[in-house]
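Participant: If you scroll down you'll find the structure; I have some questions about it.
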Amino acid sequence: MHVVAQIIFTLLLSAAGAGIYLSISRIRKNILLGRDEDRSGNKTARIKNMLLMALGQKKMFKKPLPALLHFFVYAGFLIVNMEMLEIAIDGVFGTHRIFAGVLGSFYPVMINIFEFFAVTVIIACAIFLIRRNVLHVKRFSGTEMNKWPLLDANLILGMEIILMLAFLKMNAMDQILQDIGNEHYTHTGTFYISASLKGLYTSYSPQFLIISERTCWWVHIIGVMFFANYVFYNSKHLHIFMAFINTYFAKLTPAGKLTNMPEVTKEVKLMLNLPVEESAATEQAPGRFGAKDVRDLTWKNLLDAYSCTECGRCTQQCPANITGKKLSPRKIMMDTRDRLEEVGKNIKKHGNDYDDGKSLLGSYISEEEILACTTCNACVEACPVTIDPVSIILQLRRFKLMEESQAPASWNSMLSNIENNMAPWKFSPSDRFNWADKLKGQN
């Protein structure tokens, strides 16, 4: 019987690993559809940024209570599932709590720490469910937060609660079986939190306890396998892993500094008889100004899309959204990810040159949305994993203006005035200080 269980476990573990590998390969291929961009410099600053933002969750602590709850869920889930290594070894080799013999007296200390975090995960997840479904916190709503994103969040929170309860129940029954001297359940020391649950199960027979303990063990391990595959396949909780990569490759320049187009910069310098770098002078003209579809964006833009937590902090801080405009930075990122997934599936099914007649701009994101952006970077500042929606918006807007020559009349007038008068207003530069002369006359 034990041999059969070992074989089943090994097959499930292999299948879960294969599923995760395929999902990671799909995501990597999709991200690499983007244009090249150099984000390799200053490794020390990048590592520091990753540790502060992803591991330390620096931006989250602008609001301490939600940040603390999120920390318990994030850190707790990762810490508790460190026990997965022991479970994997036990499952493959048919052992039971193999680390107890290796770690000795430290083993119960480790499990007690795991149990503490398990409880904090349950409490935090329960509070998050109430915030989403009872209190209806505003930033969790929006046109982009349709049935699936809402269901996705609830599924993950519910799944984490079930996994932690299975872990605690498993430990409680394991300790009862240790107490009665069952040969497979060697004494490991006291697990204080799960020990408080022992009274619920002491009246049951040893056979029932063994079946229940093994059931919880299987629920926990299969649940974690399913969770991992679900997250990598189709969930916003991919940010659990992507946050580290995304914060490492985040922009190190000030957030308010906009990236100019090298091709345009070169032309301006040539017109003004300014020196042009030799590499820039020999560059060919781009195939397209700005971006119409996801393949026109950079790989970092596409990495941003996969890293989005859908938390809504960006949209909550967006002045355009606050004043009733259609723009939602969160929707920009979700639309980019959805379109990228669609393009990736089309390439896999029909080949690299397949055109489905759709594009990110127009089919997913409207002109009204991109024109509403003030480029204030409030969304970038608010994002806990340093996602940059403004970069995508700017590239879409550049395509609209430079490729399709479709800009609002007020914009055209302003740009013409800047070109001719060096100011947004329609008057000669020589008249710019006339208002000051009038004040002098009054004095």
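Participant: Given a Förster radius of 45 Å and the C-beta distance between N417 and L32 as r, what FRET efficiency does 1/(1 + (r/R0)^6) yield to the nearest 0.05? Don't jump to the answer; show the numbers that get you there.
Facilitator: Working: r = 42 Å, r/R0 = 0.94.
So the FRET efficiency works out to roughly 0.60.
Participant: Please work out the Cα convex hull volume for the chain and give it in Å³ per residue.
Facilitator: 219
Participant: Still on this structure, please answer the following. Helix-derived [θ] at 222 nm for the chain: sum -39500 (n - 2.57) over DSSP H runs of at least 4, divide by residue count, nearest 500?
Facilitator: Result for the chain, helices only: -19500 deg cm²/dmol.
Participant: Related question: Could you compute the FRET efficiency for S366 and M82, with r as their C-beta to C-beta distance and R0 at 51 Å, rounded to 0.05? Could you put the intermediate results ahead of the total?
Facilitator: Details: r = 46 Å, r/R0 = 0.89.
So the FRET efficiency works out to roughly 0.65.
Participant: Compute the Rg to Rh ratio over the range 190-238 from the alpha carbon atoms, using the Kirkwood formula for Rh, and round to two decimal places.
Facilitator: With Rh from the inverse mean 1/r over Cα pairs, Rg/Rh is 1.19.
Participant: Could you state the number of Å between the C-alpha centres of the range 242-257 and the range 1-45?
Facilitator: 23
Participant: Amide H to amide H, which residues 5 or more places from S359 or on other chains are under 5 Å from it, using H placed in the peptide plane?
Facilitator: Amide H neighbours of S359: Y364.
Participant: Moving to a separate point now. Take the alpha-carbon centre of the range 391-414, take the same for the range 107-172, and report the distance between them in whole Å.
Facilitator: 43
Participant: In the Gaussian network model of the chain, springs joining C-alpha atoms below 10 Å, which of Q175, Q207, Q406 carries the largest mean-square fluctuation?
Facilitator: Looking only at Q175, Q207, Q406, the biggest GNM fluctuation is shown by Q207.
Participant: Which value, in Å to one decimal place, does the Kirkwood hydrodynamic radius take for the range 320-377 when every pair of different Cα atoms is included?
Facilitator: Working: mean 1/r = 0.0786 Å⁻¹.
Hydrodynamic radius (Kirkwood, Cα only) of the range 320-377 equals 12.7 Å.
Participant: Subtract the Cα-Cα distance of S410 and K326 from 0.36 nm times their separation in residues, and report this length gain in nm to one decimal.
Facilitator: Going from the current span to full extension adds 28.3 nm.
Participant: Here's something else I'd like to know. Length gain on complete extension for the stretch L151 to N260, per 0.36 nm per residue less the alpha carbon to alpha carbon distance?
Facilitator: Between L151 and N260, full extension yields 35.3 nm more.
Participant: Turning to a different aspect of this structure: What angle, in degrees between 0 and 90 and rounded to the nearest 10, separates the Cα long axis of helix 2-31 from the longest principal axis of the Cα atoms of the chain?
Facilitator: Relative to the chain, helix 2-31 is tipped by roughly 0 degrees.
Participant: Taking Cα pairs under 8 Å and at least six residues apart, what relative contact order does the range 232-359 come out at, in percent?
Facilitator: About 26 percent, as a whole number.
Participant: Which shape class, rounded, prolate or oblate, goes with the range 372-443 when its Cα gyration tensor gives a ≥ b ≥ c as root eigenvalues, a/c under 1.5 marks rounded, and past that a/b bigger than b/c marks prolate?
Facilitator: Here the range 372-443 falls in the oblate category.
Participant: Take the cross-link list K59/K138; K63/K300; K138/K325; K236/K400; K300/K349 and give me the ones stretching past 22 Å between alpha-carbons. Please report the intermediate quantities before stating the final value.
Facilitator: Numbers: K59/K138 20 Å; K63/K300 28 Å; K138/K325 16 Å; K236/K400 30 Å; K300/K349 25 Å.
Exceeds cut-off: K63/K300; K236/K400; K300/K349.
Participant: When the dipole is taken about the Cα centre of the chain, and only Lys, Arg (+1) and Asp, Glu (-1) are charged at their Cβ, what size is it in debye, to the nearest 20? Intermediate values should be presented prior to the final figure.
Facilitator: Details: 48 positive and 40 negative charges, 222 e Å.
The calculation lands at about 1060 debye.
Participant: Where in the range 166-184 is the amide nitrogen less than 13 Å from a point lying 7 Å along the Cα-to-Cβ axis of T202?
Facilitator: The answer is 176-177, 179-180, whose backbone nitrogens lie closer than 13 Å to the label point.
Participant: With a 10 Å radius around each residue's Cβ, average the other Cβ atoms per peptide and rank 363-375, 258-270, highest first. Show your work: numbers first, answer last.
Facilitator: Values: 363-375: 17.4, 258-270: 13.3.
Answer by packing, highest mean first, reads 363-375, 258-270.
Participant: Rounded to the nearest 0.05, what FRET efficiency is calculated for F244 and W425 with R0 set to 35 Å and r the Cβ-Cβ distance?
Facilitator: 0.15
Participant: What is the packing order of peptides 218-227, 187-196, 346-355, taking the mean over residues of other C-beta atoms within 10 Å and listing the highest first?
Facilitator: With the highest mean Cβ count within 10 Å placed first, the list reads 218-227, 187-196, 346-355.
Participant: Measure nothing but the geometry: give the 0 to 90° angle between the long axis through the Cα atoms of 64-80 and the longest principal axis through the Cα atoms of the chain, rounded to 10°.
Facilitator: That helix lies at roughly 50 degrees to the long axis.
Participant: Something else about it: Give or take rounding to whole Å, what are the principal axis extents of the alpha carbon atoms in the range 31-144, in descending order?
Facilitator: Computed over the range 31-144, the largest-to-smallest principal extents equal 50, 45, 27 Å.
Participant: Here's a follow-up. Taking only Cα atoms and a 10 Å spring cutoff, compute GNM fluctuations for the chain and point out the largest among E160, E183, E86.
Facilitator: With Cα springs under 10 Å in the chain, the top fluctuation among E160, E183, E86 is at E183.
Participant: OK, next. For the Cα atoms of the chain, what angle does the longest principal axis make with the long axis of helix 239-248, in degrees from 0 to 90, nearest 10?
Facilitator: On a 0 to 90 degree scale, this one is about 50.
Participant: Give me a comma-separated list of calculated 3J(HN,Hα) values for the range 328-339, in order, Karplus coefficients 6.51, -1.76, 1.60 applied at θ = phi - 60°, integers in Hz, x for any Gly or Pro.
Facilitator: Karplus-based 3J(HN,Hα) across the range 328-339 equals 9, x, 4, 5, 4, 5, 5, 5, 4, 5, 5, 5 Hz.
Participant: Oh, and also: Just subtract the alpha-carbon distance of I222 and C376 from 0.36 nm times their residue separation and send over the number in nm, one decimal.
Facilitator: Contour length minus the Cα-Cα distance gives 50.9 nm.
Participant: At a threshold of 8 angstrom on Cα-Cα distance, excluding pairs fewer than six apart, so keeping six or more, what relative contact order does the chain reach in percent? Before the final figure, lay out each step's value.
Facilitator: Details: 467 pairs, mean separation 85.8, N = 443.
For the chain, the relative contact order is 19 percent.
Participant: I'm a student and want to see the number: the projected area of the Cα convex hull of the range 262-429, averaged over all directions, in nm².
Facilitator: 12.3
A short reminder: the numbers here are calculations on the coordinates, not readings from a lab. Computed from a predicted structure; not experimentally measured. Neighbour counts run over all protein chains shown; Cβ positions are idealised from the backbone, glycine included.
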